[in-house]
Structure formats: structure tokens, C-alpha cells
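Inspection log for the structure reproduced underneath, given as C-alpha cells.
Coordinate-derived values only; no laboratory data. Computed from a prediction, not measured in an experiment: that's the story for all the values here.
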Amino acid sequence: MIRSMTGFGRSEITEGSIKATVELKSVNHRYLDLNIRIPRRLNYLEASVRAAVKKNVIRGKLDLYISYENAENAALGLKYNRELAEVYVKYLREMEEEFGIKGDMSAISLARLPEVISMEEVNEDQDEIWKHIEPVLLDALAQFNNSRAREGEALRNDLIGKLDEMAWNVKIIKERYPEILAEYEKKIREKLSEILADNTIDESRIASEMVIFADRLCTDEEIVRLSNHITTMKDLLIKGGEAGKQLDFIAQEMNREANTILSKSNDMRTSGAGIALKTGIEKIREQIQNIE
């Protein structure tokens, strides 16, 4: 299937005292640009997270957010320094007596003093934490890829429609070419008839003129290559997979052929079809930038 590079996914679990959340969002990018935001104490998980993402995402600028809370460990992480609190109380009372000031000491004001209550790093089981985060990450990635697949399906259908329009314009140019030659030959004959009156028209001269004119306007090679590019691109879109770079390259080649066709055109209908081709190719190139 074709997948867009724009997507969003979110998953969350709550199991007892543990709550884990993973959120992903991405936009277009030439390569995979992964930005992971994770609690500092869980930095050791970054390599595992990157490996999981790279199995699911090829291209795109992706922002990934992970949060992990353990209520039990949060409580254990608070440390009360009773000895230091006693020292604070002793000196505060001495200050009251020495300066004759009224103290308004309370447990809350005492707890606010430096180092009375502090956060203490808790040794957490790394494997146990990953055991909780990994399924949430994989679920978020599944949702993320589903959203990209839905948008990719819409892009695919839109691109196939544009390619069908291009094929129609290619057909117009192809069918118009012999008509242009016939019209040109008619004009030459009419002009020579006016000039020569009853004199015999030199058929070899007309033939030579037609060869030069036909060679100058001939777009057979460009038409064949452009038709092949259209077919190849449709096949890639139907086949699916990571086709964005291939599609972009083909679109560049299409543009080159369309430019050549326009440069050879001297007919309003052919020029109109050529301009329509150029417009369609530009729209296709813009859409392809969204495909992984």
C-alpha cells in the first residue's frame, strides 16, 4: 500500500500505579528525521525506541513523545532529612530569642527550606519499564501507520486520476500530429498552386519540405517515453510500498518530455495539451512529496 508521510498516532495504558503514553506525529521530509522526547531517567531506552520506529517508518520528520509514571516510585522518591530539619528548628528558635521576633514556623514552611525534603532517584527495573512501554509504542505506531495508509490511499486515487488525464492529453498530441502534417501539406500545395498557376507542382520538393517539417515537429520518442512513465507510475502506485523516491524521479523525467513536446509544438491544440501535461505533472510532483 501507498503511505503518506503525514500521520498521527497515540496510545496510552494504565496498569495499577503505572501510566505510559506514546504519541507520534510526522510531516514530509526527504529522509527519516526522528526527534524523541522522553523523560531523562529513561534515556537508556532511546536506542530501543529508534529501532522500533525504523522498522515501521522509512521517511518523514517524526516527533515522538513518551511519558511514563509510576505512582509507587514517585512516593518512594521523596526523602525527608529529619536531622537537617532539627538543625533548622534549633537555629530558627535561637533567632527568635536573640532578636525578639515572633516566629511563624509550620511544617509547610519548614518543608520548603533547602534539602529538608528532596527527590531521591529510585532504582527502577529497566526491563520492567520497557515491558510496559514497548506495547504502547507498537500500538501508537500501528495507529500512526493506519492514518498514513488512509491518507496514502486518497493520494493514490488522486494521482491515478491525474495520470489518466495526462494519458488523455498524450493521446490528443499523438493523434493531432498526422493531422498537422496533412494540414501543412495542403497549405503548401495551395500556395504553390497560386504561385505556379498551370505549371506542374514539383512533388519531390513538396516531399522534401514535408520531411523537414515532420522531423521538426516529430514527438514520437517523447510520446512513447511519456506513455511508459505514466504506465510505470500507475503500476508503482497500485503495487504500493516505499515508492516516493521512485515516483519523484519519474515525475522529473515526465517534466523533461513535456518540455520537449511543448518546444516542438506549433499548433494551438497540441500546445494546449502540452500545457495541460505540464500542469498535471506539477500537481503530481507536489502530491508525490507527501508519499513515503
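Descriptive notes on the structure:
- HN-Hα J in Hz across region 54-69 - Karplus 6.51, -1.76, 1.60, θ = phi - 60°, x for Gly and Pro: 5, 6, 10, 10, 9, 9, x, 8, 10, 9, 10, 10, 10, 10, 9, 10
- Amide H contacts of R30 (H built 1.01 Å from N, under 5 Å, at least 5 apart or other chain): none
- Across region 27-32, computed HN-Hα scalar couplings (Karplus, 6.51 cos²θ - 1.76 cosθ + 1.60, θ = phi - 60°) run 9, 5, 7, 5, 10, 7 Hz from first to last residue, x flagging Gly and Pro.
- The distance separating the Cα centre of region 129-162 from that of region 252-288 comes to 34 Å.
- The mean of 1/r over all pairs of different alpha-carbon atoms in region 228-292, once inverted, gives a Kirkwood hydrodynamic radius of 12.4 Å.
- With 28 Å as the limit, the listed pairs K239/K283; K55/K162; K19/K245; K239/K264; K19/K55 have K55/K162; K19/K245; K239/K264 beyond it between alpha carbons.
- Quotient of C-alpha Rg and 2.2 N^0.38 Å, computed over region 78-119: 1.22
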